[in-house]
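Presented below is the structure to which this report refers.
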Amino acid sequence: MSKPHTSPGLWALAWRRLRGDKIAMVSLAVVGAFFLLVLASASGLVAANWEDEVAVSYAPPTFVGADNDAPVDGAIPQSDERSAPTPVNVLDPLADDIAELRAQMGSNPSAGVEMYGVTDPLAEDLTALRAGMGKTKKLIAHKAATLPFGADKWGHDIIQKTIKGGETSIVVGLVAALLAVVLGTLFGAVSGYFGGIVDDFFNWFYSIFTSIPSILMILTVAAVLQQKGVLTIVLILGLTGWTGPYRLIRAEYIKHKAREYVMAADAIGASHWRKMFSHIFPNVSHVALVQMSILVVGFIKAEVILSFLGFGVPVGTVSWGSMLNEAQNELILGKWWQLTAAATAMAVLVTAFSLFTDALRDALDPKVK
């Protein structure tokens, strides 16, 4: 006995359409590769040592060639060619001089330098600071003259820095988009389902947000929150980006609340919460998914803009925006590789995500055959 034929659901049909779109599948592969890099970076498998000074300052890409004028191995270039270069301590250039001075004066290094009977008040702090630096910073004895894609001012590998910066930018885009979609879906569901005064209140709130230019709203929230950090950037973008999902989800709930399946749920005594999120939401979830994919692209670009303007990630945290911020000064010196790496990575991801979003929106649209 043959099994009864069942028609495929919305998601099965959407996946079938996506598999038939070669551009969509290539874009999905590119986006998936970026996400795998983010996971590997977060787990420490790659780009864990991106802060190590493995090359000389502004080491050019390997395909450009080494800069013969750049100092190598931490040596200070001398004006007299006959004199040998004087090696210095990379962690503390004054360490040898201070040790020699203390030896001549016969003072205890841990107690400070005795100068005219006065103890150095910063000796203990300097000792503790140097001890901490010895634990956290690895001394690179040999610094490369070139790297595959160059180095920045401090000798950091641009490839590893770009991967680590992508981790920050992509995580900010994903989490902020999730927050914005959750808020927009919740507000839109309540507004569209209940209507009346509740709908008027949320429409008034929505009108205030949309009446202010988005970039001005983002900068205003950034100025109010002030404290810089990844969490702050997520809150800034999430709290200002819910208006798009709200408008679409509200329209879907107004349309679906009068459908027969909702009336049947009401007849059996289902609560408002159950009708809103157990019956209606599964039928409009594709709208929320498409909105989230669109917002991820927008928020990645917004994080780059905020970091470029100085409202983004704090000092010590790298992102594509902070790399572009550094690169604007490097361009004056003709050092273009950090700008190229960050801009290329962002352009590839945003383009792939945008193409995949368009294909996903078409695949989930039941009107598209």
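The values are calculated or read from the model by the stated rules, or taken from the named source; none is laboratory data. Bear in mind the structure is a predicted one, so any value in this text is a computation, not a measurement. Virtual Cβ from ideal backbone geometry, glycine too; neighbours counted across all protein chains shown. For the accessible areas, the whole protein counts, side chains as well, though only heavy atoms, and no ligand, DNA or RNA atoms are used. Shrake-Rupley method; radii C 1.70, N 1.55, O 1.52, S 1.80 Å.
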Identity of the residue in the stretch 136-194, at pLDDT below 90 and of a type in the set (A, V, I, L, M), that ends up farthest from the chain's Cα centre (by Cα):
141
Can you tell me which residue within the stretch 336-369, out of those that are touching a helix residue (DSSP H, G or I) at 6+ places or on another chain (Cβ under 9 Å), outside any helix (DSSP H, G or I) and modelled with pLDDT under 90, is most open to solvent (accessible area, probe 1.4 Å)?
366
Turns out the helices (runs of 4 or more DSSP H) fully within the stretch 225-306 with at least 3 residues that are open to solvent by less than 50 Å² (accessible area, probe 1.4 Å), within 17 Å of residue 183 (Cα to Cα) and of a type outside the set (Lys, Arg) are 230-240, 243-256
Considering only the stretch 202-224, state which residues are exposed (fewer than 13 other Cβ atoms within 10 Å of the Cβ) and part of a helix (DSSP H, G or I).
204, 207, 208, 211, 216, 223, 224
Being β-branched (Val, Ile, Thr) and farther than 30 Å from residue 339 by Cα is the requirement here; does residue 158 meet it?
no
So residue 323 clears everything in (1) in contact with a helix residue (DSSP H, G or I) (Cβ under 8 Å, 6 or more places away or on another chain); (2) surrounded by fewer than 19 Cβ atoms within 10 Å (Cβ to Cβ); (3) in a helix (DSSP H, G or I); (4) not β-branched (Val, Ile, Thr) except one condition, right? Which one?
(2)
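Conditions tested, residue by residue: (1) at pLDDT below 80; (2) polar (S, T, N, Q); (3) surrounded by 11 or more Cβ atoms within 10 Å (Cβ to Cβ); (4) more than 20 Å from the chain's Cα centre (by Cα).
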{"site": "2", "(1), (2), (3), (4)": "yes, yes, no, yes"}
{"site": "5", "(1), (2), (3), (4)": "yes, no, no, yes"}
{"site": "8", "(1), (2), (3), (4)": "yes, no, no, yes"}
{"site": "19", "(1), (2), (3), (4)": "no, no, yes, yes"}
{"site": "25", "(1), (2), (3), (4)": "no, no, yes, yes"}
{"site": "37", "(1), (2), (3), (4)": "no, no, yes, no"}
{"site": "53", "(1), (2), (3), (4)": "no, no, yes, yes"}
